[in-house]
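Quick notes on the structure that follows.
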Amino acid sequence: MLDQRNVPEVTIEPWDEGDLDLLHLLNAPEMTVHFGGPETEEKILSRHKRYYELAGKGTGRMFKILLLPDLEPVGSVGYWDTVWQEESVYEIGWSVLTAFQGKGIATEATAKAIAYINSEKKHSSIHAFPKINNPASNAICRKLGFSFIGEYDFEYPKGCFIRINDWMLPVSEK
């Protein structure tokens, strides 16, 4: 269960064509240190299109994280179908703007995204793959009840191999 003391209230809403400015903010050097650095404008535009088209393809969902009560955009969270260790699973990921980190926002937003996954029940498990040297994202996995599976080499972005932790959460049967 999440500790609700002093955690700002957030909501998540589907990513749409109007969210390109937020994606540019999330592409800042300090925001992309665990992802191989900022992307080019061409890659940002491609990612943006992929984000807002994802739900329509039935292969996942991307959301913007909005801080209540003013609905200020502070990050993103999403999940998508992937194959891991020869099994079809959900992969989940999140990113919160630097000024809003350390407040529980990513944990709250990720819990809300997990609720969507639990309503879909297309795959039996959810995996998160934070870098081994990303203590904040690894802590989020622990807080949300993910089980640590192990360390692996992972290619992200394409052509760049990183060391990640594999965290797994079963999809709820409720």
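Worth pointing out:
- Among the residues of segment 139-174, those that are outside any strand (DSSP E or B), over 18 Å from Tyr79 (Cβ atoms) and modelled with pLDDT of 95 or more comprise Ala139, Arg142.
- Tallying residues that are of a type in the set (Lys, Arg) and not in a loop (DSSP other than H, G, I, E, B) within segment 122-138 yields 1.
- Residue under evaluation Lys131, criteria (1) without any contact (Cβ under 8 Å) to a residue 60 or more places away in the chain; (2) of a type in the set (Lys, Arg); (3) farther than 22 Å from Pro8 by Cβ, criterion not met: (1)
- Of residues in segment 14-62 being part of a loop (DSSP other than H, G, I, E, B) and acidic (Asp, Glu), the one farthest from Pro73 (Cα to Cα): Glu39
- None of Lys158, Lys121 is in contact (Cβ under 8 Å) with a residue 24 or more places away in the chain and either loosely packed, with under 13 Cβ neighbours inside 10 Å or closer than 24 Å to Leu54 by Cβ (or both) except Lys121.
- Residue count, segment 74-90 (criterion: in a strand (DSSP E or B), surrounded by fewer than 18 Cβ atoms within 10 Å (Cβ to Cβ) and not hydrophobic (A, V, I, L, M, F, W, C)): 4
- Residues that are charged (D, E, K, R), at pLDDT 95 or above and assigned to a helix (DSSP H, G or I) within segment 91-120 comprise Glu108, Lys112, listed in sequence order.
The values are calculated or read from the model by the stated rules, or taken from the named source; none is laboratory data. Please read all numbers here as calculations on a predicted model, not as lab measurements. For neighbour counting, all protein chains shown are included, and Cβ atoms are generated from backbone atoms with ideal geometry for every residue, glycine included.
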